[in-house]
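Where a number appears in this text, it was derived from the coordinates with a stated rule and is not lab data. The shown structure was predicted, so the numbers you read here are calculated from the model rather than taken from an experiment. Heads up, the Cβs are rebuilt from the backbone with ideal geometry, glycines too, and the neighbour counts pull from every protein chain shown.
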Amino acid sequence: MKSASAFGGALQRYRRVRGLTQAALAEQAHISVRAVSDLERGLKYPQRATVRMLSEALALLPEEARDFEVAARSRPARTGPTGNASARQDTNLPVQHRRVIGRARDIAGVCQALRTAASSLVTVVGPGGVGKTRLALEVANSLQLDYQDGVWFVDLSSVAEAELVAPTIATSLGVRVELDSGPEVTLLRYLTGGCYCSSWTIASTSSTAAPTWC
């Protein structure tokens with residue numbers, strides 16, 4: 001992971017120059033301390049949103065931020081067990097082109113709640129139009145490095161019947177439903193028996209008739 005190591009070296013250098021500990025940087029960037037540690041050691045590649053949050057937390061100058069992003073984007077093609085390039089997707093989160101203003105406390109609170117052992121489900125509630133989905137997406141972007149199998153977005157806004165929830169999740173994850181098993185069994189088998197069994201999270205938005213899963 002030469003490119004990941006290059007980014008990790010840059011991250012560590014900028015952090016130390018600014019006199020920040022890994023914990024302090026993690027708090028300011030709304031990511032986990034483990035994520036900062038893994039990035040600095042070159043164990044993981046950063047997501048675009050994570051690079052942006054780190055740049056802001058480090059208060060990088062324009063030239064520094066550009067070099068930081070270049071280092072983050074430079075990576076070799078992913079290879080599978082046979083050595084062939086693999087196109088397995090790590091996320092389907094929509095790209096956000098605008099920053100979230102004034103929601104740092106809410107983002108940090110939801111992230112902290114999801115990172116606790118006793119809380120694997122967090123429901124964001126509020127009247128329509130207040131930004132629940134945008135908040136959930138920002139949290140999902142912040143937590144991408146916490147889940148080695150990726151963070152996925154499932155849009156349940158148009159789902160009004162409970163039996164449609166599982167097929168919608170399967171479609172969002174790219175799971176082909178087995179006709180002889182049904183969507184629930186197929187999805188459960190995929191999540192518990194495949195590569196996504198180690199850790200995963202779903203950020204979704206829904207109407208009042210369907211559950212909200214994160």
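Looking at region 109-195, the GluC sites (Glu not before Pro) that sit in a DSSP loop and have at most 10 other Cβ atoms within 10 Å of their own Cβ are E161.
Rounded to the nearest 20, the Cβ-based charge dipole of region 2-73 about its Cα centre (Lys and Arg +1, Asp and Glu -1) stands at 220 debye.
The overall shape of region 2-73, judged from the alpha-carbon gyration tensor, is rounded, with an a/c ratio under 1.5.
Proximity of backbone amide H atoms, modeled 1.01 Å from N, is registered between V154 and A203, S204, T205 at under 5 Å, excluding neighbours fewer than 5 places apart on the same chain. One decimal place: the segment S37-D155 gains 39.3 nm when fully extended, by the rule 0.36 nm per residue minus the C-alpha distance.
In order along region 98-105, the phi-based Karplus estimate (6.51 cos²θ - 1.76 cosθ + 1.60, θ = phi - 60°) of 3J(HN,Hα) comes to 10, 6, 8, 9, x, 10, 4, 5 Hz; Gly and Pro are listed as x. Counting Lys and Arg as +1 and Asp and Glu as -1 over every other residue whose Cβ lies under 9 Å from the Cβ of R52, the net charge comes to 0.
A crude spin-label estimate for the pair I101 and E56, with each label 7 Å from Cα along the Cβ direction, gives 1.2 nm.
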